[in-house]
Amino acid sequence: MHSLGYLWLIPVLPLFGAIFNGLFAYRAPRRLIAFVGCGTVFVSFLLAVAATISLARLPHEERVISDLFYTWFVSGPLSIEFRFHLDPLSAVMALVVTGVGFLIHLYSTEYMRDDEGFGKYFAYINLFLFSMCVLILSDNLVGLFLGWEGVGLCSYLLIGFWYQDPEKADAGKKAFIVNRIGDAGFIFGMSLLFAAFGTTSIPALAHAPFAASPALVTIACLALFVGATGKSAQIPLYVWLPDAMAGPTPVSALIHAATMVTAGVYMIARLSFLYHVAPTAMGVVAAIGALTALWAALIAFTQNDIKKVLAYSTVSQLGYMFVAVGVGAYTAGIFHLMTHAFFKACLFLGSGAVIHYLHGEQDIRKMGALKNMPGMKPVFYSWIAATLAISGLPFVTSGFFSKDEILWSALAGERGSVIIYAMGAVTAIFTAIYMWRLTVLTFFGESRVDHHVAAHPHKPGWAIKFVLSTLGVLSIVGGWIGIPKFLGGAVGIPNVLEHWLEPVFHAAPFAFAESWGGEHGLHALEMKAFVVGLLIPLVGIGIGVFLWTKKRDALARLAGGGATGAVYRASLGKFYVDEIYAATVVKPIKNGSESLLWKVVDVKITDGFVNALARVGKAIGEGVRAIQTGDIHVYAFSIFAGLAVLVLWLLV
């Protein structure tokens, strides 16, 4: 096994930034805080690049670098080491997390410039990057879980960053509590694996005898997936993510694009050898992913808050990634995770630029024609690039290649199905439609911006323009490293990503279903699927642009009447899932806590017992106080009386 000796610096540098900015948040100059906050993450990115280059120089099957930092603790058979592990999968994640994370840090220096919590903000996001790096670089489940919990804590701190606003504080608490539910599943699954195989080391688990206990492996995989549904916002634990936009917009970009929400997908890909022998669990992962993708897309259709549309879009795109790992196409899942980080970060940061430009306005009904506003050209062009990518414009955008790979795997994979494929295809059309609704209402048509706001806009500075331009370019070209073989071969471009990740997923190889008629039948099917894949984004973009530029009056009539109006209102109300949770879970727990735990257990039993002890002590004290008069004559008389009683007792 190879060692570099500096892998530990990749997570530790952001931790140093978090400590420095935390200690000097209100004393150091803002330029120094920004320099430390951005600089530590940028150096981590450079180290990740250097480590990846070193990894690439190793023979294909030996691409693993492992550095022992120190042994955390030893208890019986459990030995936990802080060992950082870099293989092709964690290298991709490290580059995405630190690279996109640095761009978001740089963007934040301008976006948060006037916020009084500037230093605290950089301390939190540096801590977030540290936790995510620990998560992806740990070589054991305990270390992974430590990072897993770290990003959960940081999301609570950052979503509720403006905690003076009760709504934002509640959003932070909601994210924290919902994630704890999922984390219980993760802990159970991890404990089950340790009890069965005596280790939490991921490389050691990869060689465990899973075939001897298939039921246990299935239960462990399902329990771990419960954790993933919380962290990566899948049904039924997705409800925290749309509210996570309550934090500063760069935080939304960080959570939604590059870090926390990808943890569940990464965890399943990392444990692909485990899921590969648990087909039932994989089926559940794929089904939940497809259902979440479609469900969230239906809600995104009608939202009017620019960030809320993007938030539900994130939930939907995460569903795509789970479909990929659920059908065994782990490379496709990681590929979409990477391209999504580019275009979703670009969209969220673009929405931040729009909101900043309009003095905090987030309602797209009060926007329009922003492409013509002074200083908005870089925002507009980068937004268009990212929107084309998420819509999957054929041949040139990153989203086309990654999404098409997932749809193809869902259809032709040994563990795919026509139903999963159909749900994914419909979701892809819906995605293009609602994203172009958002784009048209924000940037095109007539301006609905308040004229006082339009007269004094906050124009984006160089940092925002640079970051958006970079992410816009990556949204287009970022997918070219994963061009399908049959397509890339025609123009001489290899599928670099698939070859790169091959050593990681060789234990869980993707297989095509035999029912498609062998190689000839599979090739014919691939051509048909490719044509459908070309039509899906074109149809979706066409419908979206046509409806919201030419038929807005007709859409308004549909939204206002009969059955279509009811569907519209249900979608606008997010299908009342939050209300159902409030009525069936939150309210009963709250009422039970108030009427039983507080008024009975706390007040009557606990307080009653403590108060009874206090009353007994008080009574004893008052009784003793009667003889503690401070009068020397009384004390002398008491001693004399006591001696008399003692003598009398001895004589008798």
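The values are calculated or read from the model by the stated rules, or taken from the named source; none is laboratory data. Because the structure is a prediction, the values reported are computed rather than measured. Methodologically, a virtual Cβ is constructed for each residue, glycine included, from the backbone with ideal geometry; neighbour enumeration extends over all protein chains shown. Protein only, heavy atoms only, side chains kept; ligands, DNA and RNA dropped before computing areas. Shrake-Rupley method; radii C 1.70, N 1.55, O 1.52, S 1.80 Å.
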Could you tell me whether any residue of region 587-599 is in a helix (DSSP H, G or I), among the β-branched types (Val, Ile, Thr) and within 25 Å of Lys308 (Cβ to Cβ)?
no
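Being farther than 29 Å from Leu349 by Cα, touching a strand residue (DSSP E or B) at 6+ places or on another chain (Cβ under 7 Å) and touching a residue at least 60 places away in the same chain (Cβ under 8 Å): is that true of Phe84 here?
Details: farther than 29 Å from Leu349 by Cα: yes; touching a strand residue (DSSP E or B) at 6+ places or on another chain (Cβ under 7 Å): yes; touching a residue at least 60 places away in the same chain (Cβ under 8 Å): yes.
Against the criterion (farther than 29 Å from Leu349 by Cα, touching a strand residue (DSSP E or B) at 6+ places or on another chain (Cβ under 7 Å) and touching a residue at least 60 places away in the same chain (Cβ under 8 Å)), Phe84 qualifies.
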Options Phe188, Phe176: the member that is at pLDDT 95 or above, open to solvent by 20 Å² or more (accessible area, probe 1.4 Å) and within 29 Å of Ile589 (Cα to Cα):
Phe188
Considering only residues that are closer than 15 Å to Tyr6 by Cα, in contact (Cβ under 8 Å) with a residue 24 or more places away in the chain and out of contact with any Phe, Trp or Tyr (no Cβ under 7 Å at 6 or more places or on another chain), which ones fall in region 24-49?
Val43, Ser44, Ala48, Val49
Taking interchain pairs and intrachain pairs at least six residues apart, which have beta carbon atoms under 6 angstrom, with the first residue in region 294-318 and on the phi < 0 side of the Ramachandran plot and the second among the basic types (Lys, Arg) and open to solvent by 10 Å² or more (accessible area, probe 1.4 Å)?
Ile299/Lys574; Asn304/Arg365
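Do we have Leu89 as under 26 Å from Thr71 (Cα atoms), assigned to a helix (DSSP H, G or I), touching a Pro at 6+ places or on another chain (Cβ under 8 Å) and among the aliphatic types (A, V, I, L, M) here? Break it down into steps so the answer makes sense when it comes.
Details: under 26 Å from Thr71 (Cα atoms): yes; assigned to a helix (DSSP H, G or I): yes; touching a Pro at 6+ places or on another chain (Cβ under 8 Å): no; among the aliphatic types (A, V, I, L, M): yes.
So Leu89 fails the test.
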Here the qualifying pairs (Cβ atoms under 7 Å; residues six or more apart or on different chains; first in region 196-215 and open to solvent by less than 30 Å² (accessible area, probe 1.4 Å); second assigned to a helix (DSSP H, G or I) and charged (D, E, K, R)) come out as Ile202/Arg270
Examine region 219-229 for a residue that is modelled with pLDDT of 90 or more, over 19 Å from Ala263 (Cβ atoms) and of a type in the set (Val, Ile, Thr), and state whether such a residue exists.
yes
Any chance region 79-98 includes a residue that's more than 22 Å from the chain's Cα centre (by Cα), surrounded by fewer than 20 Cβ atoms within 10 Å (Cβ to Cβ) and of a type in the set (Lys, Arg)?
no
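Condition check ((1) open to solvent by 30 Å² or more (accessible area, probe 1.4 Å); (2) among the hydroxyl-bearing types (Ser, Thr, Tyr); (3) touching a residue at least 60 places away in the same chain (Cβ under 8 Å)) across all residues:
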residue	(1), (2), (3)
Gln362	yes, no, no
Lys366	yes, no, yes
Val379	no, no, yes
Ala386	no, no, yes
Phe400	no, no, yes
Ile406	no, no, yes
Arg415	yes, no, yes
Ala422	yes, no, no
Trp436	no, no, yes
Step by step: first the residues of region 147-164, then only those that are more than 15 Å from the chain's Cα centre (by Cα) and without any contact (Cβ under 8 Å) to a residue 60 or more places away in the chain, then the one that is farthest from Gly189 (Cα to Cα). Which residue is that?
Gln164
